[in-house]
Amino acid sequence: MKLVRLIEFLQQRMKLLIKLSYVVLALLVVADALPFIVHKEHAHTAPEHIPGFWSAYGFVACVLIIIVSKWFGHAGIMKRENFYDE
């Protein structure tokens with residue numbers, strides 16, 4: 001039951017956890033912008049020279065996957081809640 005205690009511990013400190021997540025995200029963006037940490041001279045395309053490009057690309061791709069999946073589900077895959085009652 002250590003997992004339950006960990007979840008409760010994190011829930012009690014939610015604001016601290018959110019602030020810590022923002023700090024880690026900011027540090028990752030700064031690390032990506034520093035040329036001596038991430039070498040961008042071997043980039044294959046022009047947008048790869050932009051700091052955080054692949055992070056933004058991945059985020060937008062995930063959002064699009066979620067939107068398309070929801071649309072696809074509502075377009076016919078999902079069944080009514082009372083489907084088996086009939």
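What follows is calculated from the coordinates using simple rules that are stated; it is not laboratory data. For clarity, every value in this text was computed on a predicted model and none was experimentally measured. Because the Cβ atoms are built from the backbone with ideal geometry, glycine has one as well, and the counts that use them run over all protein chains shown.
Here are a few things to note about the model shown:
- Selection status of Phe72, in contact with a helix residue (DSSP H, G or I) (Cβ under 6 Å, 6 or more places away or on another chain), at negative phi and free of Cβ contacts under 8 Å to residues at least 12 places away in the same chain: no
- Residues of the range 39-67 that are touching a residue at least 12 places away in the same chain (Cβ under 8 Å) and either more than 19 Å from the chain's Cα centre (by Cα) or closer than 28 Å to Leu10 by Cβ (or both): Gly52, Ser55.
- Total residues in the range 43-78, condition among the charged types (D, E, K, R) and over 18 Å from Leu28 (Cβ atoms): 1
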